[in-house]
Amino acid sequence: MGADINNAIATATPFIQKWEGLGSKSPSRDSEYSYSSSQNLDPNTTLYAYQDSGGVWTIGWGTTDYNVISSGKVKQGDSITKAQADSEIIYEVAQKANDLAGYGLPDGLNDVQFAALISLAYNSGSANAEIMIDYINSSSSQDDVLSYWKTFHIKDRAGNTLSGLQNRRIDETMMYSGNYNEIYSYYLRNENTILIATGIAAIGLSISLYLYFKYKKK
């Protein structure tokens with residue numbers, strides 16, 4: 001029995017949402033909603049189009065082309081509701097899953113591995129995920145697949161290598177190999193913020209220790 005498409009979609013959707021985030025809170029993209037903060041968000045909350053790192057106009061859960069609420073590409077000045085953003089990602093995740101199933105999945109692929117491929121398709125396009133399927137079929141080992149996956153489409157449309165895409169590929173390979181870890185996934189998605197916070201905390205601790213020992217001597 002092959003992978004179940006509905007189970008794969010159910011696994012892939014929150015994984016994709018956590019990586020994409022729900023943006024943007026304003027036309028200037030000063031901030032976005034994390035997956036956790038979006039769970040209790042009013043469905044009528046307004047979201048605004050923003051440019052990604054490659055200059056492509058994006059809205060909601062990483063949508064660049066409308067399929068449900070409209071048609072055509074996302075453009076500057078667009079706004080939608082959270083409910084509309086949800087409808088777009090539901091449609092697109094199912095679309096990507098069906099694209100890959102129609103192309104032909106590797107023999108023995110399980111639901112979670114299929115979900116990892118759906119995430120790759122959502123992020124880089126179905127055609128690129130199909131290239132990965134071909135690589136899986138021709139590869140002699142899973143280690144080889146994982147090594148290739150980690151370097152696959154980690155540049156934006158402007159040709160810049162992005163740490164966020166590198167980390168997402170690592171997370172997708174963790175899912176594909178059956179070693180997915182929620183805590184490590186959180187770290188990958190928030191690495192820069194965590195490092196900054198850790199640095200600030202370390203500086204604060206150093207200052208506190210300095211002042212403690214300085215005034216203790218008096």
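Values computed for the structure shown
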quantity: Spin-label pair residue 39/residue 128, simplified geometry with 7 Å Cα→Cβ offset, distance in nm; calculated: 2.9
quantity: Size of electric dipole in the chain: Cβ of Lys, Arg +1 and of Asp, Glu -1, about Cα centre, debye, nearest 20; calculated: 1480
quantity: Residue 57 versus residue 6: modelled label distance in nm, points set 7 Å from Cα along the beta carbon direction; calculated: 3.8
quantity: Cut-off 13 Å, label 7 Å out along Cα→Cβ of residue 107, residues of the stretch 122-162 by amide N; calculated: 137-139
quantity: Cβ-defined net charge surrounding residue 32, 14 Å radius [Lys, Arg +1; Asp, Glu -1]; calculated: +2
quantity: Charge context of residue 184, other residues only, Cβ under 15 angstrom, K/R +1, D/E -1; calculated: +1
quantity: Sequence of 22, 146, 188 once ranked by neighbouring C-beta atoms within 10 Å, starting from the fewest; calculated: 146, 188, 22
quantity: Rg over Rh [alpha-carbon atoms, Kirkwood Rh] for the stretch 5-180; calculated: 0.97
quantity: Spin-label pair residue 190/residue 70, simplified geometry with 7 Å Cα→Cβ offset, distance in nm; calculated: 3.3
quantity: Quarter of Cα convex hull surface for the stretch 48-151, i.e. mean projection, nm²; calculated: 7.3
quantity: In the stretch 45-150, trypsin sites (Lys or Arg not before Pro) in a DSSP loop with at most 13 other beta-carbon atoms within 10 Å; calculated: 75
quantity: Theoretical ellipticity at 222 nm over the chain - DSSP helices of four or more residues, -39500 (n - 2.57) apiece, nearest 500; calculated: -19000 deg cm²/dmol
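Bear in mind these aren't lab numbers, they're just calculated from the coordinates by the rules spelled out. Bear in mind that the values here come from a model prediction, so they are computed numbers and not experimental data. As a convention, Cβ positions derive from the backbone with ideal geometry for all residues, glycine included, and neighbour counts pool all protein chains shown.
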